[in-house]
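This report refers to the structure that appears directly beneath it.
The values are calculated or read from the model by the stated rules, or taken from the named source; none is laboratory data. Note that this is a predicted model, so its numbers are computed, not measured. Cβ atoms come from the backbone with ideal geometry, glycine included; neighbour counts cover every protein chain shown.
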Amino acid sequence: MQSETLRSAERFDFDFDELVSWLEIMAGQELDLAPPLGEKKRRRRLKSIVYITLHGEIEHNRKEDNITLAGRHDDLTKPNQNGIDGLNEISTWGYAELVRLGNLIEFAGVIIDPNRRGRGHSHHLIERAIERWRQDAILHRTNPPLSVGNRLDLFCYTRHAGLSKALLRAGFEQRPAVRHWSRLWLVRSAVAPLPFSTQFSLISNRLFRVVKIIFSEPKRIIHQAKHLSNYQLYTFDDTNTSAK
């Protein structure tokens, strides 16, 4: 099955149920994200997409970070409702997705546990996402080997300053909002530089989300609409980086 092929190697190094529970908790807390799916739907979705995780042992009262990609299954515990609390445990604390939209790949769904933000961990996610993007032929729907010429372009659409800084540091370029025929040249749009097929997929996904939760979670819709104009587009050009 394709979904089995897409699964990251590191997925077998930690508790899948713990990841599902953590994502549901984070989706409930973070209004910028899509709403919780429920654990059954979340499991089904994770088995059909490409995602990257950061997880590892967290030791109480330690200032330095101990980032590991694998842990002891007998020590795994689920995070509490306020995220990781700093006690001795092995837990997921970072997550991102690589999603194909039209003829591009979006780096999306970035989550860092609230208690571990502000330490540059999003840069680790970006580095691993770029590595996966460079190597995963199934993600690009092409035959290996992958090269600069046959990889689909990578982009990220975000409003968060910390993530924006990490994207620029990793080699992404911020694209200015422009007027485009897709907006009848009336308004500037951050997504206008993207191909129309990608714009359509991006907007369709957001509209579907709005329709789905407009009555059940009006607070989330109001929050996302309020900050919509703050989102910026970042694109990655592999020809400008030294690693190919």
- Query: Among the numbered criteria (1) at pLDDT below 90; (2) farther than 22 Å from G118 by Cα, which single criterion is violated by R45?
  - Reply: (1)
- Message: If the requirement is being at pLDDT 75 or above and either surrounded by fewer than 18 Cβ atoms within 10 Å (Cβ to Cβ) or more than 30 Å from E127 (Cβ to Cβ) (or both), which of these qualifies: H180, H223?
- Response: H223
- Name the residues in region 149-177 that are at pLDDT below 90 and not in a loop (DSSP other than H, G, I, E, B), would you? R175
- Query: How many residues are farther than 23 Å from S197 by Cα and either acidic (D, E) or modelled with pLDDT under 85 (or both) when one looks only at region 76-117?
  - Reply: 17
- What do you reckon, is W93 farther than 29 Å from K226 by Cβ and of a type in the set (F, W, Y)? no
- Item | H55 at pLDDT 90 or above and surrounded by 14 or more Cβ atoms within 10 Å (Cβ to Cβ) | no
- Message: Please pick out the residue among H73, H60 that is touching a strand residue (DSSP E or B) at 6+ places or on another chain (Cβ under 9 Å), surrounded by fewer than 14 Cβ atoms within 10 Å (Cβ to Cβ), over 26 Å from W133 (Cβ atoms) and modelled with pLDDT under 50.
- Response: H73
- Task: Select from region 98-148 the residues that are within 11 Å of the chain's Cα centre (by Cα) and part of a helix (DSSP H, G or I) and list them in ascending order.
- Result: S122, L125, I126, A129
